[in-house]
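First the structure, in the form of structure tokens, and then the observations on it.
The values are calculated or read from the model by the stated rules, or taken from the named source; none is laboratory data. In this text, all values refer to a predicted model and were calculated from it rather than measured experimentally. Cβ placement follows ideal geometry from the backbone for every residue including glycine, while neighbour counts extend to all protein chains displayed.
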Amino acid sequence: MSSIKQLAGQTFWYGLSSIAARFINYLLTPYLTYSTLISRANYGQMSAIYAAIPLFNIIFTYGMETTYFRFMQKKENPEAVNNTSTISLLISSIVLSILLWMNQSWLAKTATLTEFPLLVQLSIIVIGLDALSTIPFARLRYEGRPRLFAVIKIANILINIFFTVFFLSYCPAKAKSDPHSWAVLIYHSNINPITYVLIANVMASFFTLILLSKWVLPKQWTFNTALWLAMMAYALPMLIAGLGGMVNETFDRLMLGWWLPNTNGYADEQRGIYGACYKLSILITLFIQAFRMGAEPFFFKQAEGENPQRVYARVTKFFVITIAVMFLAVTLFLPIWKYFIDPKYWEGLKVVPILLLANMSLGIYYNLSIWYKLTNKTIAGAWITLIGTAITVLINYIFIPRYSYVASAWATFFCYVSMMVVSFVWGQKSYYVPYAWKKLLAYIGISVLLYFVHNAVTKFYPNTIFSLSFAVVLILAFILFILRIEKKEFAQFPVVGALVKKYF
């Protein structure tokens, strides 16, 4: 139980940084979608940029983050791991940034942004700066310093938001009220407004690197070639898996630009709608990211203890219960959540439940993936992700021309479900973990059933107050059901345990 509490504590702090940072950043969604300066087409262009950036982040870091945790866990020569991984990323980040800059026209074509070269140039700068912060952040996580990690992450978002609002609200207002002010030197109405969003991102990434400056450079400029080759052998399959994973997660925004006509900005508008509605799955996404931050180093450390498989199974159980509740919290209260985006994007709300289920499957897959990381079979992760990638590309290619972003949502769902199933079946043969999979599937199935019940009843009686009240009843009923079934598990937690013992 102490190990579970340790993970919960680390997940809290990583979650605080992730949730606080993402939530603050999430506030940019209503700000940008409601902005009179940014059209649906502009928002679609921004979605394309922020689909391409994570993909290149994977290339620039080439699986070194997970590799860092794995080799630090061996405890053979921690300083050599620190120095070698840091030097490797420093050199590769500089080289890859130069190569990308020299081929920026290709990048612009890939993102269907050939008319906006400045957006591409700013994106390259963001990618390079973010790559340099990878190992410093990994060191903070491995050394168990989640508070400092949280402070720097939140500072990054605050700086980003400050400059975004400064460029898109303060400067235009100042320039309009006083045509001779300094603001006219910064803001120009004929410039694509997404340019200013990216400039703010560049500034945030730069300041983050300053805050991490103590860890950006190695303590000693010693490079262990043999160690690096061993790390790369472990990392390269992770690179393939990472690329496939990012294709599954963000590439649909690019594919919408490839396979939809952009007459009068139609393709840009469609991916703008999809990108805005995707944000409404933020709660589950936030929790999954926070969990991954704490779980990855935690899982590796647990491998040294007795019966780690039992710990992994229990962690997965609590994880599934949490995301099942969160699924209901988002879908049943969608009449409230939808106001986080401008009404001109609401036509895409139908994809939100699909995307939530997709992200639930992805989160479970992250739990299951520990088997190939511990057994050094990272090539399995690459194959599993490539299976998902093939499904993503195939469904999008066939159905985007007819169903637009709805096809992308279903492609995401089938991709992550297939990855989850394949990883479970394969993993149980190679590294058995006693998951209570039948019970967990039942919990997910019940949460989905409650969503359909709520949907059917509220269509029969479409009243907002009734809908929200009924949602509260269903969620409380589900939580009470879980507490009754899992009373032995929850009895071990002080506060919840006291309630369980009293009422169950």
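The table below gives the values:
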quantity	calculated
Single unsatisfied condition, Ser189 versus (1) of a type in the set (S, T, N, Q); (2) more than 17 Å from Thr134 (Cα to Cα); (3) crowded, with 17+ Cβ neighbours inside 10 Å	(3)
Single unsatisfied condition, Leu7 versus (1) modelled with pLDDT under 85; (2) over 25 Å from Phe287 (Cα atoms)	(2)
Filter result (among the β-branched types (Val, Ile, Thr) and crowded, with 17+ Cβ neighbours inside 10 Å) within the stretch 326-340	Val330, Thr331
Unmet requirement for Asn192, which otherwise passes all of (1) of a type outside the set (A, V, I, L, M); (2) part of a loop (DSSP other than H, G, I, E, B); (3) without any contact (Cβ under 8 Å) to a residue 24 or more places away in the chain	(3)
Exclusive hit being out of contact with any Ser or Thr (no Cβ under 7 Å at 6 or more places or on another chain), touching a residue at least 24 places away in the same chain (Cβ under 8 Å) and under 29 Å from Pro335 (Cβ atoms), set Val473, Val417, Val406	Val406
Cross-chain or 6+ apart pairs with Cβ under 7 Å, the stretch 108-129 first and free of Cβ contacts under 8 Å to residues at least 12 places away in the same chain, then surrounded by fewer than 22 Cβ atoms within 10 Å (Cβ to Cβ) and not in a loop (DSSP other than H, G, I, E, B)	Thr114/Ala108
Candidate set: the stretch 44-79, residues that are over 17 Å from the mean Cα position of the chain (by Cα) and polar (S, T, N, Q); chosen: the one modelled with the highest pLDDT	Gln45
Condition met for Tyr266 (more than 24 Å from Gly381 (Cα to Cα), part of a helix (DSSP H, G or I) and at pLDDT 80 or above)	yes
Single residue of the stretch 387-410 satisfying the filter (buried (at least 17 other Cβ atoms within 10 Å of the Cβ) and of a type outside the set (Val, Ile, Thr)) that is farthest from Tyr432 (Cα to Cα)	Ser404
Some residue of the stretch 322-345 being over 23 Å from Tyr34 (Cα atoms), modelled with pLDDT of 90 or more and not in a helix (DSSP H, G or I)	yes
The stretch 138-186 - residue that is surrounded by 19 or more Cβ atoms within 10 Å (Cβ to Cβ) and aromatic (Phe, Trp, Tyr) and, of those, farthest from the chain's Cα centre (by Cα)	Phe167
Pair list, Cβ < 6 Å and 6+ apart or interchain, from the stretch 444-466 residues that are touching a residue at least 60 places away in the same chain (Cβ under 8 Å) to residues that are of a type in the set (Gly, Ala, Ser) and assigned to a helix (DSSP H, G or I)	Ile444/Ala324; Ser447/Ala324
Filter pass, Phe162 being over 21 Å from Gln45 (Cα atoms) and either assigned to a loop (DSSP other than H, G, I, E, B) or among the aromatic types (Phe, Trp, Tyr) (or both)	yes
Number of the exception - Met238 against (1) buried (at least 18 other Cβ atoms within 10 Å of the Cβ); (2) at pLDDT 90 or above; (3) closer than 30 Å to Thr385 by Cα	(2)
Filtered residues of the stretch 214-229 (kept if assigned to a helix (DSSP H, G or I) and modelled with pLDDT of 90 or more)	Thr225, Ala226, Leu227, Trp228, Leu229
Matching option when the condition is at pLDDT 95 or above and not β-branched (Val, Ile, Thr), among Ala407, Ala456	Ala407
3 or more residues closer than 30 Å to Gly257 by Cα: qualifying helices (runs of 4 or more DSSP H) within the stretch 363-475	378-403, 405-430
Test result for Ile210, surrounded by fewer than 18 Cβ atoms within 10 Å (Cβ to Cβ), in a helix (DSSP H, G or I) and β-branched (Val, Ile, Thr)	yes
Scan of the stretch 105-121 for residues that are more than 19 Å from Met255 (Cβ to Cβ) and β-branched (Val, Ile, Thr), ordered by number	none
Output for the stretch 130-173, where each listed residue is charged (D, E, K, R) and in contact (Cβ under 8 Å) with a residue 12 or more places away in the chain	Asp130, Arg139, Arg141, Arg147, Lys153
